[in-house]
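Trainee: Sending over a structure as C-alpha cells; questions will come in a sec.
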C-alpha cells in the first residue's frame, strides 16, 4: 500500500465518491459539462484529481473535502461544522481539519502551529502529499461552484 494509505487496487474515483457528500449534479458532472469543448483540460484536471486521491489518506482527504464543501456552502450537510468536539476523530484527522479550515479562511496566514501539527501526525512526505491533494480538491470545488453560480447549474 502506498505511503498515503490508498489502496492501489481500488479505483480512485470509486473511493472518492464514497468519502464525500455529492451535490445533486456533482462536481465531476459540472466540470465535464463546462469543459466538454476542451477535453485536454478536463483530462488534466481529472489526472490531478486521481493523483491527489492516490497519494493522500482517503479518509482524511474525504473529511477535509467535506469540510471544504461545508465552508463553501455546497454541502448537503454540515456534519463537520463542529468537528472539534467530535471525540471519534483521530489526532491526524483533527490536525488536518484544523489546517483545512485555516487554509480555506486565510491561506496566506496559515499558522506555524497548524502546519506543525499536521507534520507531527503525518510526517514530512505525507504532509506534502496532503497539502498538494488539499489544493486539488479545493480548486475543483471552487471551479464547480463558480460555474454553477455563473451558469445557473445546481450546486
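Trainee: Using a basic spin-label model with each label point 7 Å from the Cα along Cα→Cβ, how many nm lie between residue 146 and residue 29?
Mentor: Here the answer is 2.2 nm between the modelled labels.
Trainee: A follow-up question, please. Over all directions, what mean area does the Cα convex hull of the range 35-102 project, stated in square nanometres? Please report the intermediate quantities before stating the final value.
Mentor: On the way: hull surface 22.5 nm².
Result: 5.6 nm².
Trainee: Treat the range 16-151 as a sphere of radius equal to its Kirkwood radius over Cα pairs and apply Stokes-Einstein at 37 °C in a medium of 0.692 mPa s; give the translational diffusion coefficient in µm²/s, rounded to a whole number.
Mentor: Working: Rh = 15.4 Å.
Estimated diffusion coefficient is 213 µm²/s.
Trainee: Over all pairs of distinct alpha carbons, what does the Kirkwood formula give as the hydrodynamic radius of the range 110-153, in Å?
Mentor: Details: mean 1/r = 0.0833 Å⁻¹.
It works out to 12.0 Å.
Trainee: If I model a spin label as a point 7 Å beyond the Cα along the Cα-Cβ vector, how far apart are those points for residue 37 and residue 128 in nm?
Mentor: Each label point lies 7 Å from its Cα, and together they span 3.9 nm.
Trainee: I would also like to ask the following. Could you give the distance between the Cα centres of the range 119-151 and the range 75-105, to the whole Å?
Mentor: So the separation of the two Cα centres works out to 14 Å.
Since every read-out is calculated from the coordinates, none of them should be taken as a lab result. Please read these numbers as outputs of a predicted model, since none were measured by experiment. Cβ coordinates were reconstructed from backbone atoms using ideal geometry, including for glycine residues, and neighbour counts include every protein chain displayed.
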